[in-house]
Amino acid sequence: MPQGLFITFEGLDGSGKTTQIKRLGAWMRKRGADPVVTRQPGGTETGDRIRELLLNSRTGGLAPLSEMALMFADRAQAIAEVIEPALAAGKTILCDRFTDSTEAYQGGGRELGSDLVLAMHQLICGGLQPDLTLLLLPSLERSLERARRRNERAAADEAKDEGRFEAEQEAFFQRVWEKYRAIASRDSERVVTIEGDLSIDEVQEQIIEAVTMRLTQAHKK
Ligand code: TMP
């Protein structure tokens, strides 16, 4: 059975993850692979309902612990329905956000701290860790600017309200950014940080380089 990789994408809102996942998926398909592409929250029927609740700006007054628990409820569903079956079939998974997002947003942004998030991760996800995490993290200034632009676009989108996080203040996103940095330096083997103010093509090149390297390592095992 070929060994698939569990690859996650992380970054602030507006960091370009979605574009890069699409591009990496297309790149892999051209080479004969058939990656499973998914996202959190969401990616399952139950998860999409949890996503709606979590991201809709009409969900007012959600307690940080409740927010964190819902993120893990979504994750438990995704592991059971999508991630474990795909890995068991030897497929590669490209997942838009995983526990690092909870550590950055709820642990950092909402100030619940890393310990609580990591304890929940252990409980819900067991030993499941990505083989590779691609963290798209431009400078703090650029990240805040992009998050702000996303925020304005989200406010103008009347058809689909996913603006609850985008409506947060700069200080929140600064804490998220700083927590991502701390995760990257703690888990430097797993997390490849793509930083600097790069073009879409340049980011893609770095992603492909990191994925190729990890695939080569996996095949040597
Ligand atoms: P996205 O799918 O457009 O990236 O949006 C998901 C939002 O949910 C984003 O603002 C980050 C947030 N989020 C958390 O706060 N904690 C989590 O664990 C996850 C997966 C996402």
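The values are calculated or read from the model by the stated rules, or taken from the named source; none is laboratory data. What you see is a predicted model, and the numbers here were worked out from it, not measured in a lab. Ideal geometry is used to build each Cβ from the backbone, glycine not excepted, and the neighbour counts take in all protein chains shown. When the accessible area is computed, the model is the full protein with side chains, heavy atoms only, and any ligands, DNA or RNA have been set aside. Shrake-Rupley method; radii C 1.70, N 1.55, O 1.52, S 1.80 Å.
Structural remarks
- Under the condition of being open to solvent by 60 Å² or more (accessible area, probe 1.4 Å) and in a helix (DSSP H, G or I), the residues counted in the stretch 183-211 number 8.
- Any hit, the stretch 96-115, residues being touching a strand residue (DSSP E or B) at 6+ places or on another chain (Cβ under 8 Å), open to solvent by 50 Å² or more (accessible area, probe 1.4 Å) and not in a helix (DSSP H, G or I): no
- The residues listed here are R214, R149; of these, the one that is within 16 Å of the ligand (Cβ to nearest atom), touching a residue at least 60 places away in the same chain (Cβ under 8 Å) and surrounded by 12 or more Cβ atoms within 10 Å (Cβ to Cβ) is R149.
- First in the stretch 37-55 and in a helix (DSSP H, G or I), second anywhere and within 12 Å of the ligand (Cβ to nearest atom) and open to solvent by 80 Å² or more (accessible area, probe 1.4 Å), Cβ under 9 Å, 6 or more apart: G47/R39; R51/R39
Residue-by-condition table, conditions (1) open to solvent by 30 Å² or more (accessible area, probe 1.4 Å); (2) out of contact with any helix residue (DSSP H, G or I) (no Cβ under 8 Å at 6 or more places or on another chain); (3) not hydrophobic (A, V, I, L, M, F, W, C):
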site	(1), (2), (3)
F6	no, no, no
T18	yes, yes, yes
N56	no, yes, yes
M71	no, no, no
A86	no, yes, no
G90	no, yes, yes
I93	no, no, no
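- Complete set of residues in the stretch 90-126 that are over 21 Å from E168 (Cβ atoms) and more than 13 Å from the ligand (Cβ to nearest atom): G90, K91, T92, I93, L94, D115, A119, Q122, L123, G126
- Within the stretch 120-141, tally of residues that are under 20 Å from I83 (Cα atoms) and either in contact with a Leu (Cβ under 6 Å, 6 or more places away or on another chain) or assigned to a helix (DSSP H, G or I) (or both): 7
- Just one of the listed residues (M28, M71) is more than 16 Å from the ligand (Cβ to nearest atom), in contact (Cβ under 8 Å) with a residue 12 or more places away in the chain, in contact with a Leu (Cβ under 9 Å, 6 or more places away or on another chain) and of a type outside the set (D, E, K, R), and it is M28.
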